[in-house]
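Have a look at the structure below before the remarks.
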Amino acid sequence: MATINDNYLKLKAGYLFPEIGRRVNAFAESNPEAQIIRLGIGDVTEPLPQACRTAMIKAVEEMGDRHTFRGYGPEQGYVWLREKIATHDFQSRGCEIDASEVFISDGSKCDCGNILDIFGSDNSIAVTDPVYPVYVDTNVMAGHTGDANEVGEYGGLVYLPVTAENSFTAEIPTQKVDLIYLCFPNNPTGAIASKAHLQAWVDYAKTNGSIIFFDAAYEAFISDPDIPHSIYEIDGARECAIEFRSFSKNAGFTGTRCAFTVVPKTLTAKAADGSDVDLWKLWNRRQSTKFNGVSYIVQRGAEAVYSDEGQAQTQALVSFYMENARIIREQLSAAGLEVYGGVNAPYVWVKTPHALTSWEFFDKLLHTVNVVGTPGSGFGAAGEGYFRISAFNSRENVEEAMARITDKFSI
Ligand code: MLT
């Protein structure tokens, strides 16, 4: 008789966003007249930049000609895209990242989970609370945790609470952990990390032989020139950090799918026999075996992000969403709500009014003003009493949603 991976049985009911989708669909079915505005999942709404579309159309034409047709591409991604990324996203900021250390993929979410393939099952793992649920759930699936308790915390994980008191940036742990997930600009709180804060993490990781998984999917939304965009802007990070990046949010690729992961060749971790093993080699082996690369057409689209035209168009997209974030932040603050984030990040983190729980506020918003957000408790126990509002939507919808919320929930 076949058996299952029992670790899946430890997972809480559903992944957060499908669960929200289920509740919203149930509401919509019984209230077909409701004009629902979705500010829940951080999914982009504005069209792909023209530069990316033009490049992809050209690539489609190439695929229609036997002289320019391409079959399997390199599993690591085409070198012309990797070089543009290394030059533009890293070397231009003083980071010593080489194109060969950049691995193109179909998403940061996938890479954040897949990276666990190359790590042992006995690592101690730290996550912030609240946290992007993928980091936790993929560790549960891999059998790296015990069961969840009544507030949804899994045994065996080290939770680092992030609260208004610590400006939503975790304290450096006092105990030793081997793998640390950091996400800046942060999903869900919209918090950012200073250079000094990241330096403290890198110093900790180097002292303890830990590896930092640095999720920088939202780096394009940073406008403050003092805030680092990459962990590799920090001294020593090449010896302790893997970085995840994405074209989803800056270039609107959530449906098109393209991202990348940086694994420096200077990174090592221990084998069971105590020897140091290059993580780059393991990740390269993993990708070459389990992945066949992102389509040529999509990689050409991603490459166009780095053209002058592509840069201007992606910057316009980012500015558009950040104007939405400003509207959300200012209107909710003016209505007396306690609001965080939304300045260098496309997420606004709101304290729920009248001591409502996160899900109570979710249901109230859905039922009274037909606006969908994301309950903070879905990101972890310390997110209880908070609510995330995404700036990814049309201007019209954001303005309408804010008018509805502030009308009913001013305090
Ligand atoms: C979110 O809403 O947190 C994001 O859209 C999730 C993701 O990027 O996978």
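The values are calculated or read from the model by the stated rules, or taken from the named source; none is laboratory data. These numbers were taken from a predicted model, which means no experiment stands behind them. Note that we place each Cβ from the backbone using ideal geometry, even for glycine, and neighbour counts take in every protein chain shown.
Tabulated values for the structure
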{"read-out": "Some residue of segment 354-367 being among the hydroxyl-bearing types (S, T, Y), closer than 18 Å to A164 by Cβ and within 16 Å of the ligand (Cβ to nearest atom)", "value": "yes"}
{"read-out": "Residue match in segment 325-345 (condition: assigned to a loop (DSSP other than H, G, I, E, B), among the acidic types (D, E) and within 21 Å of the chain's Cα centre (by Cα))", "value": "no"}
{"read-out": "Filter result for T87 (surrounded by fewer than 19 Cβ atoms within 10 Å (Cβ to Cβ), more than 24 Å from D235 (Cα to Cα) and not small (G, A, S))", "value": "no"}
{"read-out": "Complete set of residues in segment 271-299 that are among the small types (G, A, S) and under 17 Å from R70 (Cα atoms)", "value": "G293, S295"}
{"read-out": "Filtered residues of segment 171-196 (kept if under 20 Å from D235 (Cα atoms), away from the ligand (no atom under 16 Å from the Cβ) and either buried (at least 23 other Cβ atoms within 10 Å of the Cβ) or among the polar types (S, T, N, Q) (or both))", "value": "L179, I180, I192, A193, S194"}
{"read-out": "Condition met for I180 (more than 23 Å from T138 (Cα to Cα) and in contact (Cβ under 8 Å) with a residue 40 or more places away in the chain)", "value": "no"}
{"read-out": "Residue within segment 206-214 that is closer than 20 Å to V162 by Cα, within 16 Å of the ligand (Cβ to nearest atom) and touching a residue at least 40 places away in the same chain (Cβ under 8 Å) present", "value": "yes"}
{"read-out": "Verdict on G107 being touching a residue at least 12 places away in the same chain (Cβ under 8 Å), more than 16 Å from the ligand (Cβ to nearest atom) and on the phi > 0 side of the Ramachandran plot", "value": "no"}
{"read-out": "Among the residues listed as A381, A316, the single one being modelled with pLDDT under 95 and surrounded by fewer than 24 Cβ atoms within 10 Å (Cβ to Cβ)", "value": "A381"}
{"read-out": "Contacts under 6 angstrom Cβ, first residue in segment 184-198 being on the phi > 0 side of the Ramachandran plot, partner part of a loop (DSSP other than H, G, I, E, B) and within 16 Å of the ligand (Cβ to nearest atom), 6 or more apart", "value": "G190/G342; G190/A345"}
{"read-out": "Condition check for T256: surrounded by fewer than 22 Cβ atoms within 10 Å (Cβ to Cβ) and more than 30 Å from W349 (Cα to Cα)", "value": "no"}
{"read-out": "Within segment 16-94, helices (runs of 4 or more DSSP H) holding 3 or more residues that are within 20 Å of the chain's Cα centre (by Cα) and touching a residue at least 24 places away in the same chain (Cβ under 8 Å)", "value": "16-30"}
{"read-out": "Residue match in segment 271-279 (condition: assigned to a helix (DSSP H, G or I) and touching a residue at least 40 places away in the same chain (Cβ under 8 Å))", "value": "yes"}
{"read-out": "Flag for F387 being within 16 Å of the ligand (Cβ to nearest atom) and touching a helix residue (DSSP H, G or I) at 6+ places or on another chain (Cβ under 7 Å)", "value": "yes"}
{"read-out": "Filter result for T268 (within 16 Å of the ligand (Cβ to nearest atom), surrounded by fewer than 20 Cβ atoms within 10 Å (Cβ to Cβ) and of a type in the set (S, T, N, Q))", "value": "no"}
